[in-house]
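As structure tokens, the structure follows; a few thoughts come after it.
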Amino acid sequence: KELERQRLERMDSVNQLAAGLAHEIRNPLTSIKGFIQLMQLRKGQVPSASHLELILSEIDRIEHLVNEFRQLARPVKKLSLQPVDLDQILQDVTLFMQSQAINKNAVLDYQSQGSCMVLGDANQLKQVWINLLRNAVEAIPKGGYIQVTLLAAGEEAVVIVRDNGAGIAPDALKKLGTPFFTTKEKGTGLGLSVCYAIIHEHRGRIQVESSLGQGTAFIVRLPREENPSMKMVQDPLAVP
Ligand code: ADP
Ligand code: MG
């Protein structure tokens, strides 16, 4: 009975996701169709460069949506938990994201006390910090700052991604992580959903502190590998 209930619940969330994706794809599709119909009407005329560019950017949008969606809907069993050094991962990711920070004349700083092991899937964890850093870069003004900090606090590894950007309004704060919730014109609203799903699978949690106009901090906690109780976890997806 319980298994059946869980299965139905999962189906329900899959249905909701699929409906959301269909909805998000319909807009760019409609506009691509419109542009092509326009070109058909003006047959003989060479399509203008700006029209072609608009079509391409709508196709890019669909591509972006599908790519992010794939991460959310990826096969859950694939998660391979191994001892990984969060410090190493964060060094890689902050280095990789430097170029985007520089584009905004912003400072992206990373501080840690050295190696910090967690049981995790390195690629998925990378994705979490990339998504959080992208949001931070998008939220900060020119010349802003982003501070990433890694600390070991008892049995937990704590990663803080702090920015001095736009901040998040209280009613938006409640909706964070809901698939397709975005306040950006070109946003997908999937980045944070992916973060929440991955961190949940790693038995961690995400906390958000934000004040409008001041900035935002995402605080992510993961169990450290040294913690022996972690080794007994067999099914990372089991509902606690
Ligand atoms: P997207 O970035 O495509 O909008 P996300 O799931 O990554 O989707 O983020 C959802 C929303 O959360 C954003 O549209 C934005 O309103 C808010 N948000 C996330 N991170 C930040 C941040 N660091 N500062 C301000 N707002 C943020
Ligand atoms: Mg995002």
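When residue 24 is tested against (1) modelled with pLDDT under 85; (2) closer than 15 Å to residue 72 by Cβ, exactly one condition is not met: (1). Collect the residues in the stretch 155-198 that are within 28 Å of residue 15 (Cα to Cα) and among the basic types (Lys, Arg), keeping them in residue-number order. The answer is 174, 175, 184, 186. From the list 118, 84, 161, 93, which residue is within 16 Å of ligand 2 (Cβ to nearest atom), in a strand (DSSP E or B) and farther than 30 Å from residue 22 by Cα? Only one candidate qualifies: 161.
Among the residues in the stretch 24-35, are any in a helix (DSSP H, G or I) and in contact with a Ser or Thr (Cβ under 8 Å, 6 or more places away or on another chain)?
Yes, the stretch 24-35 has at least one match.
Residue 6 - would you say it is surrounded by 10 or more Cβ atoms within 10 Å (Cβ to Cβ) and in a helix (DSSP H, G or I)? So residue 6 fits the description; yes.
Can you tell me which residues in the stretch 178-209 are part of a strand (DSSP E or B) and more than 9 Å from ligand 1 (Cβ to nearest atom)? Residues satisfying the conditions are 205, 206, 207, 209. Evaluated against (1) more than 14 Å from residue 131 (Cα to Cα); (2) modelled with pLDDT of 95 or more, residue 232 falls short on exactly one condition, (2). A single entry from 29, 81, 38 fulfils the requirement of being hydrophobic (A, V, I, L, M, F, W, C), touching a His at 6+ places or on another chain (Cβ under 9 Å) and without any contact (Cβ under 8 Å) to a residue 60 or more places away in the chain: 38.
Has the stretch 30-51 got any residue that is modelled with pLDDT under 90 and either of a type in the set (Phe, Trp, Tyr) or under 23 Å from residue 190 (Cα atoms) (or both)? Checked the stretch 30-51: no residue is modelled with pLDDT under 90 and either of a type in the set (Phe, Trp, Tyr) or under 23 Å from residue 190 (Cα atoms) (or both). Every condition in (1) in contact (Cβ under 8 Å) with a residue 12 or more places away in the chain; (2) away from ligand 1 (no atom under 11 Å from the Cβ) holds for residue 138 except the one numbered (2). Contact map, the stretch 176-197: first residue on the phi < 0 side of the Ramachandran plot and of a type in the set (Gly, Ala, Ser), second residue assigned to a loop (DSSP other than H, G, I, E, B) and more than 10 Å from ligand 2 (Cβ to nearest atom), Cβ cut-off under 6 Å, separation 6 or more or different chains; pairs are 193/177; 193/179. When the stretch 141-157 is limited to residues that are within 16 Å of ligand 1 (Cβ to nearest atom) and either under 23 Å from residue 194 (Cα atoms) or among the basic types (Lys, Arg) (or both), the one that is surrounded by the most Cβ atoms within 10 Å (Cβ to Cβ) turns out to be 146.
The single condition from (1) surrounded by 16 or more Cβ atoms within 10 Å (Cβ to Cβ); (2) more than 16 Å from ligand 2 (Cβ to nearest atom) that residue 68 fails is (2).
Residues that are among the small types (Gly, Ala, Ser) and assigned to a helix (DSSP H, G or I) are absent from the stretch 142-151.
Scanning the stretch 171-219 for residues that are among the hydrophobic types (A, V, I, L, M, F, W, C) and away from ligand 2 (no atom under 11 Å from the Cβ) yields a total of 12. If you go through the stretch 36-54 and keep only what is part of a loop (DSSP other than H, G, I, E, B) and loosely packed, with under 11 Cβ neighbours inside 10 Å, you end up with 43, 44, 45, 46.
The values are calculated or read from the model by the stated rules, or taken from the named source; none is laboratory data. Computed from a predicted structure; not experimentally measured. Heads up, the Cβs are rebuilt from the backbone with ideal geometry, glycines too, and the neighbour counts pull from every protein chain shown.
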